[in-house]
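So the structure is just underneath, and the comments pick up after that.
What follows is calculated from the coordinates using simple rules that are stated; it is not laboratory data. From a predicted model like this one, the values you see are computed outputs, not experimental measurements. Cβ atoms come from the backbone with ideal geometry, glycine included; neighbour counts cover every protein chain shown.
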Amino acid sequence: MASAPVILHASLSCCIAAILTMLVMVTVTPDLSIALADQNFANQRVELISEEEKMRIGGGSSSCLLWLTDEEKKVNRFILEEKGKMIEDARTNGTSFAPAINFMTSRRDMESTNLFKVIQKMPKGGALHLHKTALTSLDWVVRNVTYRPNLFMCVGNDLFVKLHFYDTAPSDPECTWTLMSDHRNNLSASETTEFDLSLRNNLTLVSLEPDEDYPDINAVWERFEKYFGMIGDLISYRPVFKDYMREALRQFLADGVQHLEIRGSLPKLYELNGTVHPREWSLRHAYRPVFREFEENNPDFIGAKLIVTTFRGKPPAAIMSFIQEAVELYKNNSDLVVGVDLVGQEDTFHPLIDFKDALLYPSTLDPPVHLPYYFHAGETVWLETDTDFNLVDAVLLNTTRIGHGYALHNHPLLLKKVKEHGIAIEVSPISNQVLKLVEDLRNHPASSLIADNLPVVISSDDPAVWDALPLSHDFYVTFLALTGKDAGLATLKQLAINSIKYSAMDRREKAEAMRKWKRKWSQFIQTEAAKLDR
Ligand SMILES: *[C@@H]1O[C@H](CO)[C@@H](O)[C@H](O)[C@H]1NC(C)=O
Ligand SMILES: *[C@@H]1O[C@H](CO)[C@@H](O)[C@H](O)[C@H]1NC(C)=O
Ligand SMILES: *[C@@H]1O[C@H](CO)[C@@H](O)[C@H](O)[C@H]1NC(C)=O
Ligand SMILES: *[C@@H]1O[C@H](CO)[C@@H](O)[C@H](O)[C@H]1NC(C)=O
Ligand SMILES: *[C@@H]1O[C@H](CO)[C@@H](O)[C@H](O)[C@H]1NC(C)=O
Ligand SMILES: *[C@@H]1O[C@H](CO)[C@@H](O)[C@H](O)[C@H]1NC(C)=O
Ligand SMILES: [Zn+2]
């Protein structure tokens, strides 16, 4: 830990202060001695504060990347002024502070600020914690996917729609399937608008009264899982899946995200005639060609990687097969598949320890195989429970990064290991708020990780489900609520750099990624600084 020299330093200056005070007491008049003691105290105070500021993410003056150019200083002054005004106005005048309020109701307020507009334009590097079916905006899904031919729908007993592409309506005694275009043809223009809105409401988690609609964590997760059930069938139709991914990349790049690491099971993509492709087929015929084509058409884009997942509710034997298959998959597709993870509500399904045999399996092979892990761990408020101990198991299993790590700050030894080994913590603040781990983001525990320069990266988890932009809202609340009033552009810059440094890219890819990010960063600074001159 970097704190040792600081303590030494502080105690040394205390000693000097004490000696000075003694000298002063014997040689000068009382008034002067008080003035000197005051000065001394003021110096110590300034020093202590500045030493701490140096310890945080972006505080290190050691990295020349963080020395700000004159133009950067200009942008820095502007964003610090905006941040300071909002913080002080809320603190002293009681004006509302967006990160303290559920994202579902505070989103519009955020978007109206000058600070948001700058952060939205900022090149943020990569988003390293994302789920494959929660990437693309629901506006696009409703406007584009649900207007395609051959889409059928039925309304289930739970009053949620099921959506699926078919050649002809399936015979289903439980649910009457109708062709979407037939249904829309019978609606007036205003009815169509209303219907489209109802489709959107079927999908989105957004509610204007989130506390009433989702009284606790289980209620919100139940609704959240419904989304994944609904979207899966809709986008696993082969042509839709490819367009969905392409549109995701487009929306992320437009939001200043040049690299994505996407968690998801490999989908069994289907055709209208009922053909269902094997899972691996999606790598060769969907993911790889879509990513390649997008890279070719967008020189600013760095790339996308996949972290293959399965549901943590499965029995241990199923996880064993999953890991065995993943070893092959990883070997066969090392350009694209970078490792594995388990998904599903951590508090209610199996902890990692239940899958110990499966998760140790690659290391018991002869020779041992290194299958990188990217475990969700510690997405909980329950200390020293199975979920909390997922953090221990993740670290023992040599996880490459930790998804959420919300409970990590309670584990001093794990914090030390994470820092030593550079195990990045993927912090997704809005997800934690919406999914009810924390109400007021000023209380988000990652603030202390950022203050101590732990390897933190900011991501957005499932932005489409709650109508967030790909990464801007998460960066905005991080900047306003998880970092200090004086933490400015250097902190944002280091967070972006961290997202490349701790990505799954290899050394050569990272060098190329930094080059692309830096180029975009310079353009951003030039444009913003020029605006401030006007
Ligand atoms: C608090 O409100 C007063 C009156 O509107 C305003 O003049 C002042 O600047 C506000 N304080 C801060 C810190 O914004
Ligand atoms: C949906 O988007 C794709 C890809 O941009 C486009 O080719 C297609 O025409 C769109 N379809 C509809 C119904 O808007
Ligand atoms: C889902 O859409 C259907 C069809 O428009 C509608 O009847 C139902 O109320 C919607 N359900 C939700 C939860 O919005
Ligand atoms: C089903 O459709 C796909 C894609 O159009 C086609 O490649 C395949 O040959 C078809 N299979 C059958 C059995 O018709
Ligand atoms: C990996 O590649 C080998 C050899 O081409 C093949 O036999 C195997 O089925 C592949 N496994 C997976 C999971 O893709
Ligand atoms: C984790 O890393 C340590 C040190 O390199 C190694 O001894 C151990 O076998 C690894 N464990 C797993 C499960 O890979
Ligand atoms: Zn997640």
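Using a Förster radius of 41 Å, what is the FRET efficiency between Y166 and K331 based on their Cβ-Cβ separation? Nearest 0.05, please.
Computed FRET efficiency for Y166 and K331: 0.65.
Under a model in which nothing but the beta-carbon of Lys, Arg (+1) and Asp, Glu (-1) is charged, the chain shows a dipole of about 1840 debye around its Cα centre. In the range 85-167, the C-alpha radius of gyration followed by the widest Cα-Cα span (Dmax) gives 19.6, 63 angstrom.
Distance between the 7 Å Cα→Cβ label points at D440 and K356: 4.1 nm. Altogether, the Stokes-Einstein calculation at 25 °C and 0.890 mPa s, with the Kirkwood radius of the chain over Cα pairs as Rh, returns a diffusion coefficient of 97 µm²/s. Stretched out straight at 0.36 nm per residue, the stretch from T105 to D300 would grow longer than its current Cα-Cα span by 66.9 nm. A crude spin-label estimate for the pair K531 and S181, with each label 7 Å from Cα along the Cβ direction, gives 4.3 nm. With the simple spin-label model, which puts each label point 7 Å out from Cα in the Cβ direction, the A254 to N398 separation comes to 4.2 nm.
Can you work out the FRET efficiency for the pair E174 and K121, with r the C-beta to C-beta distance and R0 = 41 Å, to the nearest 0.05? FRET efficiency, E174 to K121: 0.25. Relative to the longest principal axis of the Cα atoms of the chain, the long axis of helix 412-421 makes an angle of roughly 80 degrees.
Residues H370, H473, ranked from the fewest to the most other C-beta atoms within 10 Å, line up as H370, H473. With respect to the chain, whose longest principal axis is taken over its alpha-carbon atoms, helix 217-235 is tilted by about 50°.
Judged by the mean number of other Cβ atoms found within 10 Å, the most tightly packed of the peptides 259-271, 313-325, 400-412 leads the ranking 400-412, 259-271, 313-325. Each Lys and Arg contributes +1 and each Asp and Glu -1, all at the Cβ; summed about the Cα centre of the range 487-534, the dipole is approximately 120 debye. Taking each residue as 0.36 nm, the span from S363 to V155 lengthens on full extension beyond its C-alpha to C-alpha distance by 70.1 nm. Given R0 = 30 Å, the distance between the Cβ atoms of W67 and N43 translates into a calculated FRET efficiency of 0.75. Annotation for the range 129-187 versus the range 213-250: alpha-carbon center distance of 12 Å.
Rounded to the nearest 10 degrees, the inclination of helix 189-203 to the longest alpha-carbon principal axis of the chain is 60 degrees.
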